[in-house]
Amino acid sequence: MADSKPALVLHLVSGGEPLVFPLHADVVDDVTKQLNLYLDHGSVQSIRDPDDRILQINFAHVAAAYVDDLQRSGKVFGLR
């Protein structure tokens with residue numbers, strides 16, 4: 001089975017296509033646990049990508065966010 005490729009998926013308040021940011025393996029658990037707080041507080045957070053770059057994300061402009069696996073195929077959002 002292929003390795004997972006976790007990514008942060010952001011749907012902005014202004015609409016349009018979602019933004020997808022691959023995540024560094026070391027930050028996946030922390031981002032997943034804290035994501036609801038980031039959205040509740042509308043804070044600016046530093047998040048590390050797989051290339052060790054730091055992304056500054058302003059969650060005040062995010063309507064919905066979740067962590068997903070980019071390796072998964074055949075997915076339909078909201079259906080099991």
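The values are calculated or read from the model by the stated rules, or taken from the named source; none is laboratory data. Since we're looking at a predicted model, the values are computed, not measured. A quick note on method: Cβ atoms are made from the backbone with ideal geometry, for glycine too, and the neighbour counts reach across all protein chains shown.
At-a-glance table
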| item | result |
| --- | --- |
| Residues of the range 1-22 satisfying the condition of being closer than 13 Å to Ile57 by Cα and either without any contact (Cβ under 8 Å) to a residue 40 or more places away in the chain or of a type in the set (A, V, I, L, M, F, W, C) (or both) | Leu8, Val9, Leu10, Leu12, Leu19, Val20, Phe21 |
| Single residue of the range 64-80 satisfying the filter (surrounded by 12 or more Cβ atoms within 10 Å (Cβ to Cβ) and closer than 16 Å to Leu19 by Cα) that is modelled with the lowest pLDDT | Leu70 |
| Meets criteria (under 24 Å from Gln71 (Cβ atoms), out of contact with any Ser or Thr (no Cβ under 7 Å at 6 or more places or on another chain) and not hydrophobic (A, V, I, L, M, F, W, C)) for His11 | yes |
| The lone exception for Asp40 - which of (1) surrounded by 12 or more Cβ atoms within 10 Å (Cβ to Cβ); (2) out of contact with any helix residue (DSSP H, G or I) (no Cβ under 6 Å at 6 or more places or on another chain) it fails | (1) |
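To keep it simple, each residue is scored yes or no on (1) surrounded by 16 or more Cβ atoms within 10 Å (Cβ to Cβ); (2) in a helix (DSSP H, G or I); (3) touching a helix residue (DSSP H, G or I) at 6+ places or on another chain (Cβ under 8 Å); (4) of a type outside the set (Phe, Trp, Tyr).
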| residue | (1), (2), (3), (4) |
| --- | --- |
| Ala7 | yes, no, no, yes |
| His11 | no, no, no, yes |
| Gly15 | no, no, no, yes |
| Asp30 | no, yes, no, yes |
| Leu35 | yes, yes, no, yes |
